[in-house]
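Reading through the structure tokens given below for one structure.
The values are calculated or read from the model by the stated rules, or taken from the named source; none is laboratory data. Being a predicted model, the structure only gives us computed values, none of them experimental. Please note: Cβ atoms are built from the backbone with ideal geometry, for glycine as well, and neighbour counts cover all protein chains shown. Areas reflect the complete protein model, heavy atoms only, side chains present, ligands, DNA and RNA absent. Shrake-Rupley method; radii C 1.70, N 1.55, O 1.52, S 1.80 Å.
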Amino acid sequence: MSHSSPATMPGATPVIDEQARLRCPRCTSPSIAVTSTDTDPNVSWTNHTVTCESCRATSQLAVVSTFGQVVIRWLND
């Protein structure tokens, strides 16, 4: 029998609307664009720089894929 405890992920859980659109963490606009990515082949995540087309805020989004699960988190500024 295996016991596991939930791991603590840094950052904030993204707001995803009923149409499965990711929303800006600052103004909640659905108009965001990935402006760059940072991938290290030795790890299971990709960091994305995301820019809101409404408020022009830039945020970091981590996408982690491991053990058949995908987790997305806004990284702390």
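In terms of packing, defined here as the mean over residues of other Cβ atoms within 10 angstrom, the peptides 67-76, 51-60 line up highest first as 51-60, 67-76. Taking Cα centre as origin and charging only the Cβ of basic (Lys, Arg, +1) and acidic (Asp, Glu, -1) residues, the dipole magnitude of the chain rounds to 120 debye. With springs connecting C-alpha atoms under 10 Å apart, model the chain as a Gaussian network and identify which of 14, 25, 41 has the largest mean-square fluctuation. Looking only at 14, 25, 41, the largest GNM fluctuation is found for 41.
For the chain, with all protein chains present and a 1.4 Å probe, just round the carbon and sulfur fraction of the accessible area to a whole percent. Carbon-and-sulfur percentage of accessible area, whole number: 52. Working value for the range 12-59: equivalent-ellipsoid semi-axes of 21, 13, 8 Å, each the square root of 5 times a Cα gyration tensor eigenvalue, largest first.
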